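A quick write-up on the structure given underneath.
The values are calculated or read from the model by the stated rules, or taken from the named source; none is laboratory data. Here the structure is a predicted model, which means the values were calculated and not measured. Cβ atoms come from the backbone with ideal geometry, glycine included; neighbour counts cover every protein chain shown.
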Amino acid sequence: MPRAATELGTYGDIGTKEQDDGNWRAWATFRDYDGRNRLVDAFGSTENKAKNGLRKKLSARQRQYKGRTRGKVTRDARLTVLMDMWLDEMKRDEGVSQQSYDLYKREIDASDDKRAATHTVKLRPALGNLRVWEADTGRLDEHIQSLVAAGLKSKARLHKVILTGVMGTAVRYGVLPENPVRDTSRMRRRKTRPHAIERERLEGLRAQLREWLAGNEIPGTPPYTHGPRRSRVVVDVADLILGSGVRPGEALAASWSQFDLETEPATFTVSATVVRIAGKGLFRQEWTKSDAGHRVIALPEFTTRMLKRLHADPEHARMCAVKALREVGGTVTEVEDHVPLVFPGRGRVLRDPHNFNRTWRDARGTLYKDVTQYTFRKTVATLIAEASDSKTAAKQLGHSRESVTERHYIVSPEQAPDSSAVLELGLGLGMTS
């Protein structure tokens, strides 16, 4: 029967032998953490001193490894330690964007802002004091399902994603044999039908927007009687999205250098978006959400007319040079050069997407409360798919997979194959009406 292998980080029997000079040698075979057996020895004036010296060497070898890696995680480690380790991994991962990291951190840590709601569920206060062996499938599922029961399904899904990563850290360090989050209850998404806006309804919306710009009362929004004149940027941004299918953040980050208005048709090179960085504010990220998002789009005539009107407006030219945040050497900071934005905000800063959406909700009122900027993206996708195919629509929207476009953006029923002849042959012959 073969001898059982020595476990990693342990050693076998200690051997001793007196040397020719009267000193003693003690040795043992240590199974290192790369799986190799290495001989470790020590010397002393007596046998016991040699053994004690060897044991100190072996203990130091074990502590050195544990302090570096596995010793950080044991079955008795608290989840708050794993959460910190996982966040550090996410921060080093070049595939995780800064805004994704900020989102994960916000869901783990309670806000120190005094204005924040104190009852908001965060992972560290809720589960951080549990030890690894206590965070079994049932306990984690109880936390996730409590969020679902409270109507916080999106939050529950996000917590499940984070917990999968956190408990995966324990698996990688050999503390758990498998990830306990894997067998928690499934949360099925109800498939929703994409919603586009029909041409007749779009014309009605544009007529209402003209009334809103004039300061008149519209359904759900009272008349505007004082303050600066309402800006038509709401209509212009909608025209850019309707004419290109870009994301709202890509539209608000658009600079004049991305457009070529002299070609026929005019083109828009999508290469930036607006994101929010924790502790820094708005940031013009000079790359798109995904690799597929970097694209060149041919613009229709109604969008080109809007852009040429803005470009020729001297007042707009004075306001469009905006100081912005940039990423320099891996650090987001404010720089002195200016970005000539197409839709700058007041005070010559980036236009805040949150503020823009608030203005949009006022402008659309209650009659068109279902219409968002993403409704325009879905309208673009649907029109292009009907005229060509879903692959073309996916490229227009900047999706890496056309299945995403088909599932969430194209409004059309599934076309069944033409089986009318088969049914006529099998069911129609010999039947009388």
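Condition first: at pLDDT 80 or above, assigned to a loop (DSSP other than H, G, I, E, B), surrounded by 14 or more Cβ atoms within 10 Å (Cβ to Cβ) and touching a Cys at 6+ places or on another chain (Cβ under 6 Å). Can you find one or more residues in region 354-374 that meet it? It would help to see each step written out before you state the result.
The initial filter retains those residues of region 354-374 that are at pLDDT 80 or above, namely 354-374.
When the remaining residues are screened for being assigned to a loop (DSSP other than H, G, I, E, B), the result is 365-372.
Add one more test, that the residue is surrounded by 14 or more Cβ atoms within 10 Å (Cβ to Cβ), and what stays is 365, 367-368, 371-372.
Checking which are touching a Cys at 6+ places or on another chain (Cβ under 6 Å) leaves us with none.
For region 354-374, residues at pLDDT 80 or above, assigned to a loop (DSSP other than H, G, I, E, B), surrounded by 14 or more Cβ atoms within 10 Å (Cβ to Cβ) and touching a Cys at 6+ places or on another chain (Cβ under 6 Å): absent.
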So ASP239 clears everything in (1) within 20 Å of VAL349 (Cα to Cα); (2) touching a residue at least 60 places away in the same chain (Cβ under 8 Å); (3) more than 25 Å from the chain's Cα centre (by Cα) except one condition, right? Which one?
(1)
Return the residue satisfying two criteria in turn: it lies in region 115-143 and is of a type in the set (Val, Ile, Thr) and over 23 Å from the mean Cα position of the chain (by Cα), and of such residues it is nearest to TYR173 (Cα to Cα).
VAL132
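Kindly evaluate PRO228 against the criterion of being surrounded by fewer than 19 Cβ atoms within 10 Å (Cβ to Cβ), touching a Gly at 6+ places or on another chain (Cβ under 8 Å) and under 28 Å from THR366 (Cβ atoms).
Working: surrounded by fewer than 19 Cβ atoms within 10 Å (Cβ to Cβ): yes; touching a Gly at 6+ places or on another chain (Cβ under 8 Å): no; under 28 Å from THR366 (Cβ atoms): yes.
Here the answer is no, as PRO228 does not meet what is asked.
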Going by the conditions given, is ASP88 in the same structural domain as GLY165 (by TED's automatic domain parsing), outside any loop (DSSP other than H, G, I, E, B) and surrounded by 12 or more Cβ atoms within 10 Å (Cβ to Cβ)?
no
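Kindly establish whether ALA254 is in contact (Cβ under 8 Å) with a residue 12 or more places away in the chain, more than 19 Å from GLY365 (Cα to Cα) and buried (at least 16 other Cβ atoms within 10 Å of the Cβ).
Against the criterion (in contact (Cβ under 8 Å) with a residue 12 or more places away in the chain, more than 19 Å from GLY365 (Cα to Cα) and buried (at least 16 other Cβ atoms within 10 Å of the Cβ)), ALA254 qualifies.
Just give me the residues in region 191-210 being assigned to a helix (DSSP H, G or I) and surrounded by fewer than 16 Cβ atoms within 10 Å (Cβ to Cβ), in sequence order.
First, the residues of region 191-210 that are assigned to a helix (DSSP H, G or I): 199-210.
Residues satisfying the conditions are ARG199, GLU200, ARG201, GLU203, GLY204, ARG206, ALA207, ARG210.
Conditions (1) in contact with a Ser or Thr (Cβ under 6 Å, 6 or more places away or on another chain); (2) more than 29 Å from ARG284 (Cα to Cα); (3) outside any loop (DSSP other than H, G, I, E, B), marked per residue:
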position	(1), (2), (3)
GLU94	no, no, no
SER100	no, no, yes
LEU103	no, no, yes
GLU107	no, no, yes
ALA110	no, no, no
VAL121	no, yes, no
ALA126	no, yes, yes
Considering only residues that are free of Cβ contacts under 8 Å to residues at least 40 places away in the same chain and surrounded by fewer than 14 Cβ atoms within 10 Å (Cβ to Cβ), which ones fall in region 162-181?
PRO177, GLU178
